[in-house]
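What follows is a single structure, written as structure tokens, with notes after it.
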Amino acid sequence: MKDVVTEGLQDFGFTVEDLISQEHDAALGNGGLGRLASCFLDSMATCQLPAWGYGLRYRYGMFKQQIVDGNQIEHPDYWLDFNPWEFPRPDVTVDVQFYGRVRKNREGKSVWQDGEIIEAVAHDVPIPGYDTRNTNSLRLWSSRASSGEFDFQKFDAGDYENAVADQLTAETISAVLYPNDDLDRGRELRLKQQYLWCAASLSDIIRRFKKSDRPWSDFTDYVVIQLNGTHPALAIVELQRILVDLEELNFNEAWQIVSRTFAYTTHTTLPEVREKWPVPMIKKLLPRHMQLIYEINHNWLERVKKEFPGDLGLLNRVSIIEETDPKTVRTLFIGILGSFKVNGVSELHSEQITQTTFKDFVKILGRGRFTNVTNGITPRRWLHQANPKLSALIASKLGSYDFLKDLYLLQRLKLYTNDSEFKKAWADIKLENKARLANYITDTTGVQVNINALFDVQVKWFDEHKRQQLNIFGVIHRYLKIKAMDPSERSGLVPRVSIFGGKAAPGNWIGKKTIHFINKVATTINKDPDVGDLLKVVFIEDYNVSKAELICPASDLSEHISTAGTEASGTSNMKFALNGGLIIATIDGSNIEVIEEIGEDNTFLFGHLAPDVEDVRRAHAENPGRECPSKNLLSVFNAVLDGMFGDPEPLAAVVNRVIDQDHYIISDDFDSYIAAQDMVDETYRDQDKWIEKSILSVAGMGKFSSDRSVWQYSEEIWNIESVAVKDPKRREYKK
Ligand code: GL2
């Protein structure tokens, strides 16, 4: 409808961009995990797969980031003041119980009672597919007191404050998104959020199933629930509770259904089990669930004992309950045991987890339980919407926009790498997109950038393993190199704009220090007239999806430089490559598959391989006072500590982290990184070659459509087929 809307708005004297810029990002997640879910929703609707998404309707989503004197400041983001896309469904509510106690009734059945009831209210966000009538729903739950708006009796009696107290406490549950995907374990409010979400969603799913009047034995033919990470793992226990306590199935019969309903995706490489809940907390908040967890664990351990008699170590390692003080529940294990399939998100990741975190489970449950589905991105948003001109140019060559539904069609672009007119048009679009970003940079930061410089981008969440430090140390190395050169020798240099963006979780101390470090280095370099346009450093504040849509089409080069073996997948590599940006990358996560598809010659690779990283770390441990292995990096450190970028004291933490521990092997990868960056410069000098590689990057992106990912889930895990919504006009005609 965009053309119609554009025209209509023009009549009123507005541009469609003005209107679009009024819309807030939903920001209901905080990194690649949530964004992946959004791409999947788009793909499931487009591929006509009958699916629902379930989540929480946080009043405050991801925080807004402001940079003040180089430091990140967090502000709440009240995005719901303008959200025309949601449909409140006051008719769809679920009572969710917390606290209380469990007693046995006369028949010996467990009854959970005397708890506090919170009401979950549905809000539906329609997810229209592309070029289909199918529209799916994302159903988001918000919480409120089940007693209604507020307590009128208290209000009448003049007790104004307490009249709304219940309401406020209840609303707190869906008030704010924890700005971390895996660290806030142990917080009661987080557990409440997870349970409210799971209980409300399951109740909804079951209500829908029950309408069909089918027996429970048919449930798994009609329903599959994909758990997106460990956060919703409680849904497994909740379904068991519903089947045993409310539907009165026996325990084993219920467990048969439960463990054939769920499938589980893990999104992390971290070997330690991430989410753990203290037993006393679950006991207090969800007493019946705690009993069921013990029972599930008991049956599981009996099985392990029988199959591996005498292996106490194994029993300890695979127990859902960890014998710490206090005891904790390993939610990850509930996820594995309650699911019929468990998958990782890139080939390397899926392989790695079977050898580390899940090793014991592979031994007991068999390798067949574990599989891989490599992530993807939706080309509708990340190409067609973000880069309409490139999309149109591709369509003009391929004859239609069909590639937006079948991304493998992009392969045909390989035929045009020698078509000079096409290449010129391709380069012009990149330059236009760079000019658009350059304007934004000037408007928001005051820094003027040369659009003919190489735009080198790293935008992503600040997490130590993603190694923004490596990038900024590389920038300093470049700066020192330029400064050491006589101005007459500098004419052959490739000018660069190094662009950073991303948020750090408020509790991520080193992430925040790194943001500060980058901003301080930027200030010094940007005001150095001696360097001028040869190097600029920009930090784009408050990186989010809308900004990604502006940035991705404008990159010449983007950085995906995590320590090998630490990034489960990563998806921004796909977003940049699909927009004709080249990538500099380590052999990690989905980089490996992206490189396979684009070809090694068209990417810039460096760094240690995953199997070697442990050896490097061991060598560090054995040699604690070792010299920094890179002279280049030492010069960078000296420049920082000598005060080249202002007071070294607040910058020292980022440097010392590498000198003291270097868990992410920055010093060991630095020279190899610099060499790859030199290759980048050399290649960029030959613009014709560069454009060819840019076209080949796009041509190789077929595999990374999230349509491919959801088809793979459908065929290999969910066992579902596409169902097209009928055209109502045709039905009328038939009548
Ligand atoms: C992540 C992984 O870190 C990232 O590599 C992956 O691409 C996404 C989606 O699978 O999931 N896991 C996680 O907790 N966050 C991610 O981005 N936040």
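Bear in mind that the values in this text are calculations on the coordinates, not laboratory data. None of these values were measured; they are calculated from a predicted model. Cβ coordinates were reconstructed from backbone atoms using ideal geometry, including for glycine residues, and neighbour counts include every protein chain displayed.
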Two-site label geometry, Phe251 and Asp428: point separation in nm, points 7 Å out along Cα→Cβ: 7.3
Pair Arg317, Leu634: separation of 7 Å Cα→Cβ label points (nm): 4.2
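Over all distinct alpha-carbon pairs, what is the Kirkwood Rh of the stretch 301-456 in angstrom?
Evaluated on the stretch 301-456, it is 20.8 Å.
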Bridge type composition, the chain - antiparallel percent by DSSP, nearest 5: 50
Calculated [θ] (222 nm, deg cm²/dmol) that DSSP helices of n ≥ 4 give over the chain, each run adding -39,500 (n - 2.57): -13500 deg cm²/dmol
Inter-probe distance in nm under a simple model that places probes 7 Å from Cα toward Cβ, at Leu415 and Ser110: 6.4
Cα gyration tensor, the stretch 590-640 - rounded (a/c under 1.5), prolate or oblate: oblate
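Would you mind getting me the FRET efficiency between Arg260 and Ile510? Use the beta-carbon distance for r and R0 = 41 Å, nearest 0.05.
With a Förster radius of 41 Å, E is 0.40.
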Under the Karplus curve 6.51 cos²θ - 1.76 cosθ + 1.60, θ = phi - 60°, whole-Hz ³J(HN,Hα) for the stretch 40-49, x wherever Gly or Pro sits: 5, 4, 4, 5, 5, 5, 5, 7, 6, 8
Relative packing of peptides 46-57, 645-656 - highest average C-beta neighbours within 10 Å first: 46-57, 645-656
Net lengthening on full extension, Ser212/Thr132 (0.36 nm per residue, minus Cα-Cα): 26.1 nm
Likely footprinting exposure, Cys552, Cys198, fewest C-beta neighbours within 10 Å first: Cys198, Cys552
Antiparallel DSSP beta bridges within the stretch 2-372, as percent of all bridges there, nearest 5: 65
At 1.306 mPa s and 10 °C, Stokes diffusion of the chain via Kirkwood alpha-carbon radius, µm² per second: 57
Interchain or long-range residues, amide H under 5 Å from Phe455's placed H: Val497, Asp556, Leu557
Spin-label zone in the stretch 113-127 - amide nitrogen under 17 Å from a point set 7 Å from the Cα of Glu171 along the C-beta vector: 118-123
Estimated vicinal HN-Hα couplings, Hz - the stretch 21-27 in sequence order (Karplus 6.51, -1.76, 1.60; Gly, Pro = x): 5, 6, 7, 7, 5, 5, 6
Potential extension, Ile720-Arg187 segment - 0.36 nm per residue separation minus Cα distance: 188.2 nm
